[in-house]
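Since the structure comes first, as structure tokens, the remarks are kept for the end.
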Ligand code: UTP
């Protein structure tokens, strides 16, 4: 078996166009789902998967992400003085351990592939996870932990996938499989937003990956692809010519929080799943309908 997956790259430098103006001064991944920022859930997921080092790829105006994961001494002192120990514990839960987090500036949002490439020196020569934080996942077992389990079985590269809603495959990156048998299948390719009727499967790439470090050599020289951006999908297609890729259909549900309705759905779903507020949330939603 190959090396352990110890590091995760979290690219957060995108412009967040679909949730503007909200994402103008608050990075979109710091927008709340119920009472925690999206990133708080994703960092918890990474830790549950045994990740030891989180590498955030940030853009201008996103220094506040680094602040979120640091101590806020005045706030913590006030909460302690007022005896608000529950909320204090929740605030502290997200604070990074010394050396657990790195922050790299992308300088220009040239695309997801470029964002990942910015992490090359911090990753070095070992397999690593990529987590697209705006894809928030509700699952019993942390989705990235499910990916690590799959990696420990088959090695190589793992792409986490999920069935697209009926008739919506043309909105996503879709995987092609050697054969579809169970949840973990060898891939033969992937296609970005295939016209309806041409999709090779109904499984979309849902924002968690385990990749081998050879991807960096491909990204190094890769030109711009769709939308004028340096695409991770193009680099993965290149790596697939020499390395194994498996698609893992994980157990859980993805919410695209980079999208207005996705963010709304995540808020509703996560509120209804919270024992402390579920009843009140259900009543409030019912009253609106
Ligand atoms: P998206 O395309 O979903 O995010 O990129 P975006 O660009 O912020 O959103 P829109 O389309 O403008 O609304 C997927 C992930 O890749 C990151 C984004 O932050 C997001 O988490 N990304 C994208 C970067 O870090 N850098 C880039 O150059 C592009």
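Here are the numbers:
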| item | result |
| --- | --- |
| Two-site label geometry, residue 80 and residue 184: point separation in nm, points 7 Å out along Cα→Cβ | 4.5 |
| Cα-based helix-to-principal-axis angle, 38-48 vs the chain, degrees rounded to 10 | 70 |
| Cα gyration tensor shape of region 1-122, rounded if a/c is under 1.5, else prolate or oblate by comparing a/b with b/c | oblate |
| Gyration tensor verdict on region 39-91 (Cα atoms; rounded if a/c is under 1.5, prolate if a/b is larger than b/c, oblate otherwise) | oblate |
| Fluctuation leader among 41, 250, 209 - the chain, Gaussian network, Cα springs under 10 angstrom | 41 |
| DSSP beta bridge pairing in the chain, given as percent antiparallel to the nearest 5 | 60 |
| Degrees, to the nearest 10: 278-288 long Cα axis against longest axis of the chain | 80 |
| Cα-based shape type of region 55-135, given that a ≥ b ≥ c are square roots of the gyration tensor eigenvalues and the cut on a/c is 1.5 | prolate |
| Antiparallel DSSP beta bridges within region 1-129, percent to nearest 5 | 15 |
| Alpha carbon centroid spacing (whole Å) that separates region 71-86 from region 1-42 | 25 |
| Kirkwood-based Rg to Rh ratio, region 197-289, C-alpha trace | 1.14 |
| Gain on full stretching of the segment that runs from residue 48 to residue 149 - 0.36 nm per residue minus C-alpha separation | 35.1 nm |
| Peptide ranges 183-196, 127-140, 42-55 listed from the most packed, as the mean C-beta count within 10 angstrom indicates | 127-140, 42-55, 183-196 |
| Residue-averaged [θ]222 nm for the chain, counting only DSSP H segments that reach four residues, each worth -39500 (n - 2.57) | -9500 deg cm²/dmol |
| Euclidean distance of C-alpha centroids, region 234-289 and region 109-144, integer Å | 17 |
| Difference of contour (0.36 nm per residue) and Cα-Cα distance, residue 70 to residue 285 | 73.9 nm |
| Share of alpha-carbon pairs per 5 Å distance bin for the chain, given as whole % | 1, 5, 11, 15, 19, 18, 14, 8, 5, 3, 1, 0, 0 |
| Acute angle (nearest 10 degrees) that the helix 143-154 long axis makes with the longest principal axis of the chain, alpha-carbon atoms | 30 |
| Inter-label distance for residue 87 and residue 276, nm, one decimal - labels placed 7 Å from Cα along Cα-to-Cβ | 1.0 |
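Only the coordinates and a few stated rules stand behind these numbers; no lab work does. Note that this is a predicted model, so its numbers are computed, not measured. Note that we place each Cβ from the backbone using ideal geometry, even for glycine, and neighbour counts take in every protein chain shown.
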